[in-house]
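**Student:** This is the structure I want to talk about, given as structure tokens.
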Amino acid sequence: MTDLVAIARSLMAPGKGILAADESVHTATARLADYGISTSADMRRQFRDLFIGAEGIEQYLSGIILFSETLLQKGSDKKLFPKSLVARGIFPGIKVDLGTEPFPESSHELITQGLLDLPERLMQYKKQGAVFTKWRAVIRIDGDDLPTNVALHENAKRLASYAKEVQSAGLVPILEPEILLEGKHSRIRARAVIEEMFQTLFSVLAEHSVDRASIIVKTSMALSGSASGKKDTPEEVAEDTVAALVASVPPQVAGIVFLSGGQTPDQATANLAAITRRANEAGAPWPLTFSFARALQDEALEVWKGKEENVPAARSAFLARLAKVSAALSSM
Ligand code: 5MM
């Protein structure tokens, strides 16, 4: 039997984190277009290879979350991506949700899809080498109107059903209720929504008898909305993020990982360092690390621009950012 707790704890190894390289075709197309790169299945393969094929990433990464297409693609070393990761001691993971759609009961909110054929897909992903999985719910803040209780509750129920299925299939679940940065809300409001989301989630997880010790939680930091006009200091972000998590995430979880959510690489790194310091001071019970996509990839993509001759310099930019983010974890 697979020891899910051991895998979840290894994903939280000190000084290491998880690269989110699980952009769907739609998101990858938009992301690459930002850098003037037009996409195709092979261009997405080169995009993934830029990061997965970089020498030395195992020093900083315990796992990489992949998209289903990537599980079946090969790097420039002619190895399937999951095999190439395992050879370097990095766990391959897989995004298993199928994206969001408007929530019928509250049309300005989103609900995540993908439960219907999940058991069959999990068996397939496992055969293809995945050992952990991720499901993302998306929560929008609008004043005191959004999120609604009904949307929080339905997203929590789907996260719990996902986690239960994944544990039964012998894979580790990462539960990601992302609180969007977009909006005019205050940091204090973001803190309250993070806390409320996790309180709802953990009460629903208990109803579904999900084993807490083998789950990892992926969260947003508590930040003022991107249209609020407020710039938070890392200390403010750390204070409110750690307070929200201490109030809502039980000590038994294997760990908490942070998404970058549209922050610049430097902001996400500075905030992670301050959160690590604050969590240590507060005696927080769970290990913490990063699971960034954009904050780890953006500088490399800027250098790469889809051109073969730029790959070595782009990989150096990626490794330099990984080194900074990993160093942020040791801030005391
Ligand atoms: C929120 O996005 C997750 C973390 O990325 P950032 O650090 O850039 O915020 C990320 O894992 C996301 O879930 C994937 O990129 C997949 O996104 P889509 O939109 O393709 O489902």
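**Student:** What distance in nm separates the simple spin-label points at ALA30 and ASP142, each placed 7 Å from Cα in the Cβ direction?
**Tutor:** The modelled label-to-label distance comes out at 1.7 nm.
**Student:** What does the convex hull of the Cα atoms of the chain come to per residue, in Å³, rounded to a whole number?
**Tutor:** 123 Å³
**Student:** Compute for region 162-312: radius of gyration divided by Kirkwood radius, i.e. Rg/Rh, restricted to C-alpha atoms, rounded to two decimals.
**Tutor:** Rounded to two decimals, Rg over Rh is 1.01.
**Student:** Based on DSSP, what percent of beta bridges with both residues in the chain are antiparallel, to the nearest 5?
**Tutor:** Here the share of antiparallel DSSP bridges comes out near 15 percent.
**Student:** DSSP loop (so not H, G, I, E, B), at most 10 other Cβ within 10 Å: list which GluC sites (Glu not before Pro) in region 32-75 pass both filters.
**Tutor:** Answer in residue order: GLU55.
**Student:** For a quick check of understanding: with a 1.4 angstrom probe and all protein chains in place, what accessible area in square angstrom does HIS208 have, to the nearest ten?
**Tutor:** In the full protein context, HIS208 sits at about 60 Å².
**Student:** For region 23-147, give the percent of accessible area contributed by carbon and sulfur heavy atoms, probe 1.4 Å, rounded to a whole number.
**Tutor:** Summing carbon and sulfur atoms, their accessible area is 53 percent of the total for region 23-147.
**Student:** If you take the charge dipole of region 4-327 about its Cα centre, with +1 on Lys and Arg Cβ and -1 on Asp and Glu Cβ, which of ALA273, PHE91, SER209 is farthest toward its positive end?
**Tutor:** So the residue furthest toward the plus end is PHE91.
**Student:** If I take R0 = 22 Å and measure r between the Cβ atoms of SER209 and VAL5 in this structure, what FRET efficiency does the formula 1/(1 + (r/R0)^6) give, to the nearest 0.05?
**Tutor:** 0.90
**Student:** Averaged over every viewing direction, what's the projected area of the C-alpha convex hull for region 81-179? Give it in nm², one decimal, please.
**Tutor:** Hull-based average projected area comes out at 6.8 nm².
**Student:** Still on this model: Using a 1.4 angstrom probe, figure out how much accessible area region 185-297 has per residue, in square angstrom, rounded to the nearest whole.
**Tutor:** In whole numbers, region 185-297 has 34 Å² accessible per residue.
**Student:** If one computes the Cα centroid of region 294-324 and of region 261-280, what distance in Å separates the two points?
**Tutor:** Here the answer is 20 Å between Cα centres.
**Student:** Turning to a different aspect of this structure: Which whole-angstrom value gives the distance between the alpha carbon centres of region 72-91 and region 202-257?
**Tutor:** Between the Cα centres of region 72-91 and region 202-257 lies a distance of 31 Å.
**Student:** May I have the extent of the alpha carbons of region 129-223 along their three principal axes, as whole Å values ordered from largest to smallest?
**Tutor:** Principal extents (largest minus smallest coordinate, Cα): 41, 26, 17 Å.
**Student:** Give me the net charge of ASP298's neighbourhood, meaning all other residues with Cβ under 15 Å from the Cβ of ASP298; Lys, Arg count +1, Asp, Glu -1.
**Tutor:** With Lys, Arg at +1 and Asp, Glu at -1, the net is +1.
**Student:** OK, next. Can you work out the FRET efficiency for the pair HIS108 and ALA320, with r the C-beta to C-beta distance and R0 = 51 Å, to the nearest 0.05?
**Tutor:** 0.80
**Student:** Over region 4-327, what is the relative contact order in whole percent, taking alpha-carbon pairs under 8 Å and six or more residues apart?
**Tutor:** 18 percent
**Student:** Ordered by residue, what ³J(HN,Hα) values in Hz, to whole numbers, does region 151-158 give under the Karplus form 6.51 cos²θ - 1.76 cosθ + 1.60, where θ = phi - 60° and Gly and Pro are x?
**Tutor:** Values per residue, Gly and Pro as x: 5, 4, 5, 5, 5, 5, 4, 6 Hz.
**Student:** Accessible area of region 178-272 with a 1.4 Å probe: how many percent of it is carbon plus sulfur?
**Tutor:** So the carbon and sulfur contribution to the accessible surface is 53 percent.
**Student:** Using 0.36 nm per residue, how much length does the chain from GLU101 to GLU281 gain when fully extended, once their Cα-Cα distance is taken away?
**Tutor:** The span from GLU101 to GLU281 would gain 60.8 nm if fully extended.
**Student:** How long is the gain from LYS126 to GLU55 if the chain were fully straight, where each residue apart is worth 0.36 nm and the alpha carbon distance is subtracted?
**Tutor:** That pair, LYS126 and GLU55, stretches by 23.0 nm at full extension.
**Student:** Now, a different point. Looking at region 207-304, which trypsin sites (Lys or Arg not before Pro) are DSSP coil and have at most 16 other C-beta atoms within 10 Å of their C-beta?
**Tutor:** Of the trypsin sites (Lys or Arg not before Pro), the ones in loops of region 207-304 whose Cβ has at most 16 other Cβ atoms within 10 Å are LYS230, LYS231.
The values are calculated or read from the model by the stated rules, or taken from the named source; none is laboratory data. Because the structure is predicted, anything quoted here is derived from the model rather than measured. Note: ideal-geometry Cβ built from the backbone for every residue, glycine included; neighbour counts use all protein chains shown. Each accessible area value is taken on the protein alone, full model and side chains, heavy atoms only, with ligands, DNA and RNA left out. Shrake-Rupley method; radii C 1.70, N 1.55, O 1.52, S 1.80 Å.
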